[in-house]
Amino acid sequence: MLQRLDSIIVSLYIDPGTGAMLFSVLMGIASAGFFLMQKIWHKIKFIINGGLAGKAVKNSVPYVIFSDSKRYWNVFKPVCDEFEARKIHCEYWTASGDDPALQENYEYVKCIFIGSRNKPYAKLNMMNADICLATTPGLEVYQWKRSKNCSYYVHILHDVGEVVFYRMFGIDYYDAILTSGSFQESNIRTLEDMRGTKVKDVRVVGSTYMDSLKEKYDKYAYRHEGRPVVLLASSWGESSILSRFKGKIIKALIETGYDIVVRPHPQSLIVEKKMIEKLQREFEGQISWNFDNDNFDILNKSDIMITDFSSVIFDYSLIFDKAVIYADTDLDYSPYDACWLGDDIWRKKVLPQLGIELKEEDFGDLKYIIDKAMKDDIYSNGRKYVRQQAWNCKGKAAENVVDYLVEKHKELLGEAD
């Protein structure tokens, strides 16, 4: 009897490799089923609503601005200032207890800390508001769900690059997208067609944070003399320059004899903390690190920037008008909406007009490449071209954003002209 039971157990045994493969397959099927059911549910709601967002809700807050991090205050401050100047009441909800917004002395804009970690989403999912403006992707994908008491969700971009470098499905369930340039709409429409999702209202309003950054730069522009300051600005994730090359790129930079400053993406300090701490120990006293919430000072101080696919390359090129070097990190598109578009990636097309591509085999010539990029003036025209494409409505973004929100609110109330 025992021998027979042993043989049954052995026949049921699955080796770890096969088990892991079966688990991955099952998870893939479950994920596909989840997104299919979610898509069907949203189509049903869309039909029920007559193809339109809901009406304004009784006793609701007219406008809620949500920020998941204090680092996006540069996106929302111009909008809050515009609401305040027009004497229009709105609420700014933040997930950062030290958000600079909480120190503002507004009369018409109410700034509220709604908790950190998962607490903000509990409040957001029950929000009673007519319009919610946010720059956070992932609505209806992860823990942030559309509240049945919020009529209209508007996404505002926090960089001037494409909209497809959010994690997958990042903007699918917003009602409207406010963009910085007309080129961004084509990707949005392509994804809508491919996925069969609702057609969103796409409006070119400009970039609030670029407007404020340019205003600040005009006041405090700085060109330092002496040994060049090289800024290594990394994104986060497996394809980022620090994850991909780790200490190898830093060693090559140290060998140039220039002053080196490393600025990781803020998200790295959360998901890649051990790697950052290890690099800090390894190169202690040889380089500087920058973790400022506001990157203005270090962008202003540095002479050249080396980065990866981070959108900071556009801030640096288009505002500070300085040379850039972008590293070939074999970016894995699979986690992003970009993976649906094949080679139709705007960033790939314009980066060669902004600076020099850096490959790993060129690390030994890094000093020569840096010197060439800083002295060569051929990228000046490229920066002008990209600036025209990526950053429309210069100086008018905050005004355009509030104009749109106010008109949309009138529409929800049935008061539109």
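Give all pairs with beta carbons closer than 9 Å in which a residue from region 233-257 that is at positive phi meets a residue that is surrounded by fewer than 17 Cβ atoms within 10 Å (Cβ to Cβ) and among the polar types (S, T, N, Q); count only pairs at least 6 apart in sequence or on separate chains.
Sorted first by the residue in region 233-257, then by its partner, the pairs are 237/267.
Residue 334 is checked against (1) surrounded by fewer than 20 Cβ atoms within 10 Å (Cβ to Cβ); (2) under 22 Å from residue 314 (Cα atoms); (3) among the small types (Gly, Ala, Ser) and fails just one. What number does that condition carry?
The one condition residue 334 does not meet is (2).
Hey, among 249, 241, 276, 177, which residue is within 30 Å of residue 405 (Cα to Cα) and in contact with a helix residue (DSSP H, G or I) (Cβ under 7 Å, 6 or more places away or on another chain)?
177
Cβ-Cβ distance below 9 Å, separation of 6 or more or different chains: which pairs start in region 116-138 with a residue that is assigned by TED's automatic domain parsing to the domain that holds residue 405 and end on one that is among the basic types (Lys, Arg) and in a helix (DSSP H, G or I)?
130/408; 131/408
Do you know which residues across region 393-409 are surrounded by 21 or more Cβ atoms within 10 Å (Cβ to Cβ) and either out of contact with any Gly (no Cβ under 7 Å at 6 or more places or on another chain) or more than 18 Å from residue 77 (Cβ to Cβ) (or both)?
398, 401, 402, 405, 408 - these are the residues of region 393-409 that are surrounded by 21 or more Cβ atoms within 10 Å (Cβ to Cβ) and either out of contact with any Gly (no Cβ under 7 Å at 6 or more places or on another chain) or more than 18 Å from residue 77 (Cβ to Cβ) (or both).
Quick check on residue 316: is it of a type in the set (Phe, Trp, Tyr), more than 30 Å from residue 87 (Cβ to Cβ) and either surrounded by 21 or more Cβ atoms within 10 Å (Cβ to Cβ) or in contact (Cβ under 8 Å) with a residue 12 or more places away in the chain (or both)?
Yes; evaluated as a whole, the condition is true for this residue.
Take residue 382 and tell me if it is at positive phi and of a type outside the set (Phe, Trp, Tyr).
no
Does region 368-381 include one or more residues that are touching a strand residue (DSSP E or B) at 6+ places or on another chain (Cβ under 9 Å), within 27 Å of residue 73 (Cα to Cα) and outside any loop (DSSP other than H, G, I, E, B)?
Checked region 368-381: no residue is touching a strand residue (DSSP E or B) at 6+ places or on another chain (Cβ under 9 Å), within 27 Å of residue 73 (Cα to Cα) and outside any loop (DSSP other than H, G, I, E, B).
Any residue in region 343-358 that is modelled with pLDDT under 85 sitting within a Cβ distance under 8 Å of a residue that is charged (D, E, K, R)? List the pairs, counting only those 6 or more apart or interchain.
Partner pairs satisfying both residue conditions: 345/162.
The values are calculated or read from the model by the stated rules, or taken from the named source; none is laboratory data. Model, not experiment: these values are computed from the prediction. We place every Cβ from the backbone using ideal geometry, glycine too, and count neighbours over all the protein chains shown.
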